[in-house]
Amino acid sequence: MQAVILVGGEGTRLRPLTVTRPKPMMPLVDRPFVAHQLAHLVRHGIHDVVFSCGYRPDALEAFFGDGTGFGVRLQYAVDPSPLGTAGAAANAVPLFDHTDDVLVLNGDILTDLDLVAFQAAHNAAGAQASVALTPVRDPSAYGLVRLREDRSVAEFLEKPTPDQLIPGEPFLINAGTYLLSQEVIAMIPAGRASSIEREIFPKVAAQGGLFGYPSDAYWRDIGTPQSYLDAHKDVLSNNVFTESTVRDAYLGPRTIVEDGARVVDCASVGADCVIAAGAQVIGSVLGARTRIGVNAYIEDCVIGEGVEVGAGARLEGLVVVGDNAQIGETVSIVGPASIDVGEIREVAVADPAGKGHS
């Protein structure tokens with residue numbers, strides 16, 4: 001197989017962290033998130049990869065280069081303007097030098113899906129296109145897929161409303177991993193934005209050529225702060241298979257944890273950080289070069305790079321702090337909250353409605 005990873009989105013749900021980096025370059029424990037995806041491809045014998053880029057492609061190319069250090073032949077297709085999932089995939093395909101089916105992966109999905117089995121099912125069905133599916137309790141935020149007995153797709157509902165759901169049916173959603181034949185790729189309109197999910201798949205399904213592949217493999221969309229935090233906990237708890245061998249908590253190179261400080265509950269701390277005496281970092285993610293002051297308390301938060309948190313400060317409940325922000329001594333912030341680059345020197349609390357603040 002050959003693979004296209006769609007890495008062009010702006011990652012708006014993870015702002016302000018994605019103001020200074022593309023979402024695929026967000027760290028996941030000991031490496032950028034998309035490095036986990038590359039390792040997943042290599043484990044399944046896939047070495048020919050294109051990053052379909054849009055937002056900040058320079059950061060990806062500077063880190064991954066031609067892919068040699070990651071076991072792949074890596075190329076870059078940069079969309080001149082947002083082309084949607086279909087347009088971005090089609091823009092990348094001409095970089096391949098052969099005409100096999102193309103594996104397309106959304107660049108914000110963490111999974112250990114068996115790609116060899118996925119391809120085998122695709123081939124056995126004689127599918128024009130296949131979509132990996134994962135079960136969920138509530139499909140309203142996703143693409144609900146209904147299958148016939150032969151696993152061909154009978155219906156594809158993007159973000160279904162409650163009246164569209166059938167009591168007792170399995171809620172199988174689009175898991176963001178596709179296999180597309182060249183015939184399907186040729187259906188994608190040139191020169192304009194288009195969506196695989198809304199525009200291409202319904203047409204292929206109407207022709208009987210779209211098949212689903214239900215799987216209980218691990219699956220997570222990392223695009224929100226809560227899910228991003230949970231992905232770290234899953235990797236560090238060994239709930240998903242990745243190349244990372246770190247368990248329980250991660251401390252980056254040259255990071256210092258002073259006497260009496262704690263880094264616990266699947267916390268992940270980047271390189272060159274200082275966790276000062278008596279500070280507690282619990283179930284949180286800290287970017288590189290961040291300093292947590294004496295007796296500060298950080299729980300279930302996502303902290304960017306180069307952040308300074310003053311002595312005695314307390315951040316808890318999904319507080320997201322952008323790169324290079326400064327949090328003053330004894331400041332208290334109860335999330336959900338988002339703090340961009342700047343200084344927070346006064347005591348802050350959540351609003352009375354419990355919706356947090358920004």
Quick check on packing: order 273-280, 219-226, 2-9 by the mean number of other C-beta atoms within 10 Å, highest mean leading. 2-9, 273-280, 219-226
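Give the relative contact order (percent, whole number) for the stretch 2-225; include only Cα pairs under 8 Å separated by 6+ residues.
Result for the stretch 2-225 is 25 percent.
Suppose a student asked you for the relative contact order of the stretch 62-172, using Cα pairs under 8 Å spaced at least 6 residues apart; what percent would you report?
Computed value for the stretch 62-172: 15 percent relative contact order.
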Could you work out the relative contact order of the stretch 232-303? I mean the mean sequence separation of Cα pairs under 8 Å and 6+ apart, divided by the number of residues, in percent. 25
Under the helix-only model (-39500 (n - 2.57) for each DSSP H run of 4 or more, divided by the residues of the chain), the mean residue ellipticity at 222 nm, to 500 deg cm²/dmol, is -5000 deg cm²/dmol
If I fit a long axis through the Cα atoms of helix 33-43 and take the longest principal axis of the Cα atoms of the chain, what angle between them do I get, 0 to 90°, rounded to 10? 50
Identify the trypsin sites (Lys or Arg not before Pro) of the stretch 250-300 meeting these criteria: DSSP loop state and at most 12 other C-beta atoms within 10 Å of the C-beta. Arg254
What translational diffusion coefficient, in µm²/s and rounded to a whole number, does the Stokes-Einstein relation yield for the chain at 20 °C and a viscosity of 1.002 mPa s, taking the hydrodynamic radius as the Kirkwood radius over Cα pairs? 100
Just Pro167, Pro139, Pro27 to compare: in a GNM of the chain, with alpha carbon springs under 10 Å, which one fluctuates most? Pro167
Could you name the aspartates and glutamates in cross-link range of Lys23, using Cα to Cα under 12 Å and dropping any fewer than eight places away on the same chain? Glu10, Asp108, Asp221
Square roots of five times the C-alpha gyration tensor eigenvalues of the stretch 53-199, ordered largest first and given in whole Å, equal 28, 18, 16
So for the pair Glu329, Glu158, with labels modelled 7 Å out along Cα→Cβ, what separation do we get in nm? 5.4
Suppose the chain between Ser195 and Glu258 were pulled fully straight at 0.36 nm per residue; how much longer would it get relative to their current alpha carbon spacing? 17.6 nm
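Can you tell me which of 65-75, 176-186 comes out highest on packing, and rank the rest after it, using the mean Cβ neighbours within 10 Å?
Sorting 65-75, 176-186 by mean packing, highest first, produces 176-186, 65-75.
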Just how far, in whole angstrom, is the stretch 189-264 from the stretch 53-109 if you go by their alpha carbon centroids? 18
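Quick note: the coordinates plus some simple rules give every number you see, no bench work behind them. Since this is a predicted model, take the numbers as computed values, not measurements. Glycine gets a Cβ as well: all are built from the backbone with ideal geometry, and neighbour counts include every protein chain shown.
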